[in-house]
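Novice: Got a structure here, written out as structure tokens. Questions coming.
Quick note: the coordinates plus some simple rules give every number you see, no bench work behind them. None of these values were measured; they are calculated from a predicted model. Don't worry about glycine lacking a Cβ; one is built from the backbone with ideal geometry, like all the others, and counts go over all protein chains shown.
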Amino acid sequence: MTTTVSPPAKSSRRRRSGNTDRGFNRVFRWIAVGAGATILAVLAAVALFLISEAWPAITASPEELAAGVPRYPEDTSLLAYLGPLVFGTVLAAVLALVLAVPVAMGIALFISHYAPRRLSQVLGALVDLLAAIPSVIYGLWGFFVLAPVLTPFWTWLNENLGWFPLWGGQVSPTGRSMATVGVVLAIMILPIITAVSREVFLQTPKLHEEAALALGATRWEVIRTAVLPFGRSGVISASMLGLGRALGETMAVLMILSPGFTYTLDILAAGQHQTIAAYIAADFPESTGLGVNTLIAAGLALFVITLAVNMTARWVVARRKDFSGAN
Amino acid sequence: MAQRIDTKDLNIYYGDFRAVEDVNMTIEPKSVTALIGPSGCGKSTFLRTLNRMHEVVPGARVEGTVEMEGVDLYGPDVDPVAVRKNVGMVFQRPNPFPTMSIRDNVLAGVKLNNKRISKSDADDLVESSLHGANLWNEVKDRLDRPGSGLSGGQQQRLCIARAIAIKPQVLLMDEPCSALDPISTIAIEDLIGELKQEYTIVIVTHNMQQAARVSDRTGFFNIAGTGKPGRLIEMDDTATIFSSPAEKATEDYVSGRFG
Ligand SMILES: Nc1ncnc2c1ncn2[C@@H]1O[C@H](COP(=O)(O)OP(=O)(O)OP(=O)(O)O)[C@@H](O)[C@H]1O
Ligand SMILES: [Mg+2]
């Protein structure tokens, strides 16, 4: 009796657990699909909002814009008006990235491969703390502390290496220039790039590091042959995260930069550049009607830039997928 | 070219844990030495002291001497990097650099230290190393493809090519065939037979037939129990170890009556 009864009981129990398993599976799938769909929906909603609200400005004639938007120059198309803003935004972000990435990689490599464990933990925590500082504080600090401190250095660069395109022009006596903004932005994006790079470097397979060591590699050569190639796509992703933050940073730029609307590369001069985010924040309170539409058109430009940056990064990472070590 | 290795009273530690105790061993040049023994007895640990890879593990250290042609590898002014250039190593799991092409993998060791090498020299070296590893015919048309796209056996031979491209005098192999099929295994065993014309080879293996097939001398390591250090029980000509070993433990192990 018992022997004939128990096997079905056992198997039905098993089937039930299989069912809940499958149930979880289904629930999980719906959560995943739902989350993906939500992201797409939000993205689409934002894009739609930007386009529809920017539309009046995009279709307006230069005369209408000059009449409806505060401080809008005569006879200027919207593109010509936004161009310098796009230029300023990209310039600020690129400066920040150029300054931050090498330093971040250096710190990340030091933490992951050189420092004794105790020190690397302390250092890692310190870098993470940098990320916790609000950007208003960075703005204040940049304005009151960093700008005056950097000014003599900017002057020196201008006087001695002024032939270099970036360092020409009239140096700002207050340091409220793109160069100072670049430094502050670099400090702001340093933690995220460092943290992500460090994680990636730490995940280098032991096997590959030992392969390099066994060929007679020094510590630096191990990093060059095993760690950096392995971490390449991770560092690119990290940089893109930082670039995204630098592109969109508002407060610090608004507080430090003395704005202007030119295409110059003279990053030491004041009153030359402005970024889209800071421009929107500065003009929003006093804008109405077409003025708001123009601001939103600028926002649309920023949105497109960020998307383009992200897609380029993805393309760069994917291009050498065969060699990524993921297969 | 090939060099002779003598270890004297070699004790190997991981932190406070003594993994291997008092190894006195002589490894003859231009011969194949096999190291056998149960898992955990310290074969890999011992092998890695021969090219100073042991100390890469945090807290790991060595007492005693490892002399290569009379020079102590652990002497005060010996550079571990130089030792590793001289003593190549092939690992248990094939580990070609995944971000490099097959060609760059072979050249990886040569390109270290920013050594410049002309394109034609590099081509020659790639070809001769891949020939040496019996891989040339299989990969000559796809040298620019990633090394990780090869089969496991091919990857292992690529690693051998990479190791011999820097012309070491000693080649260490830690279970080089354990991840491979019988055909790749035979290919690598044949290769070992050829390589011993030029190199001193030390191979760790769990495969008794393999030790019997490829090696000239065999060392048997054993361990008294968990937490105890591994010891070199006996070392002799391979034929002797497998037919009439001096120690009972060796006989039990090679005849499969172990444990
Ligand atoms: N990185 C390490 N840190 C601490 N102890 C280790 C480390 N590697 C190995 N050991 C210990 O050293 C002893 C010898 O290990 P080893 O890997 O040399 O054995 P083995 O003979 O190669 O074994 P197997 O045949 O399984 O590869 C073991 O007790 C092991 O636990
Ligand atoms: Mg082992």
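Novice: Counting other C-beta atoms within 10 Å, and keeping those with at most 14, which DSSP coil GluC sites (Glu not before Pro) do you find in segment B:164-259?
Specialist: B:247
Novice: Under the definition of partner shielding as Cβ atoms of other protein chains within 10 Å of a residue Cβ, what is the mean value for peptide A:219-227?
Specialist: 3
Novice: Straight-line reach from residue B:119: which lysines fall under 19 Å, measuring Cα to Cα and dropping same-chain residues less than 8 apart?
Specialist: By straight Cα distance, residue B:119 reaches B:111, B:140, B:167.
Novice: Relative to the first principal axis of the alpha-carbon coordinates of chain B, what is the inclination of helix B:152-165, with its axis defined by its Cα atoms, in degrees from 0 to 90 and to the nearest 10?
Specialist: 90 degrees
Novice: Now, a different point. Can you give the mean number of other chain Cβ atoms that lie within 10 Å of the Cβ atoms in peptide B:78-86?
Specialist: Per-residue shielding by partner chains comes out at 3.
Novice: OK, next. With an 8 Å Cα cut-off and a minimum separation of 6 or more residues, compute the relative contact order for chain A in percent.
Specialist: The normalised contact order for chain A reaches 26 percent.
Novice: For residue B:204, enumerate residues with amide H under 5 Å from its amide H, sequence gap 5+ or separate chain, H modeled in the peptide plane.
Specialist: Placed amide hydrogens put B:35, B:173, B:174, B:175 under 5 Å from residue B:204.
Novice: Please provide three numbers in whole Å: the alpha-carbon extents of chain B along the principal axes, with the largest listed first.
Specialist: Result, largest extent first: 54, 43, 30 Å.
Novice: Next up: For chain A, list the DSSP H helices whose alpha carbon atoms reach 18 Å or more along the long axis and whose average Kyte-Doolittle value is -1.0 or above?
Specialist: Once both thresholds are applied, what remains is A:2-59, A:78-109, A:117-132, A:147-160, A:178-202, A:228-248, A:290-319.
Novice: Let me ask another. On full extension of the chain, what length is gained from residue A:286 through residue A:32, given 0.36 nm per residue of separation minus the C-alpha to C-alpha distance?
Specialist: Additional length available on full extension: 87.2 nm.
Novice: Now for a different question. Calculate the spin-label point distance for residue B:56 paired with residue A:44, positioning each point 7 Å from the Cα along the beta-carbon direction, and give it in nanometres.
Specialist: My value for the distance between the label points is 5.1 nm.
Novice: Determine the shielding of peptide B:105-112 by partner chains: average, over its residues, the number of Cβ atoms on other chains within 10 angstrom of each Cβ.
Specialist: For peptide B:105-112, the averaged partner shielding equals 4.
Novice: What are the trypsin sites (Lys or Arg not before Pro) within segment A:194-259 that DSSP puts in a loop, where the Cβ has at most 12 other Cβ atoms within 10 Å?
Specialist: Listed in order of number, the matching sites amount to none.
Novice: Helix B:119-132 versus the longest principal axis of chain B: what is the Cα-based angle in degrees, 0 to 90, to the nearest 10?
Specialist: The angle comes out at about 40 degrees.
Novice: What GluC sites (Glu not before Pro) does segment B:1-73 have in DSSP loop regions with at most 11 other beta carbons within 10 Å?
Specialist: B:69
Novice: According to the square roots a ≥ b ≥ c of the eigenvalues of the Cα gyration tensor, what is the shape class of the protein assembly as shown, taking rounded for a/c under 1.5, prolate for a/b larger than b/c otherwise, and oblate for the remainder?
Specialist: Prolate is the answer for the protein assembly as shown, as a/c is 1.5 or above and a/b outweighs b/c.
Novice: From the helices alone, meaning DSSP H stretches of at least four residues, give me the mean residue ellipticity at 222 nm for chain A, per-run term -39500 (n - 2.57), in deg cm²/dmol to the nearest 500.
Specialist: Theoretical 222 nm ellipticity from helices: -24500 deg cm²/dmol.
Novice: What is chain A by shape, rounded, prolate or oblate, if you read a ≥ b ≥ c off the alpha carbon gyration tensor as root eigenvalues and call it rounded for a/c under 1.5, prolate for a/b larger than b/c, and oblate otherwise?
Specialist: oblate
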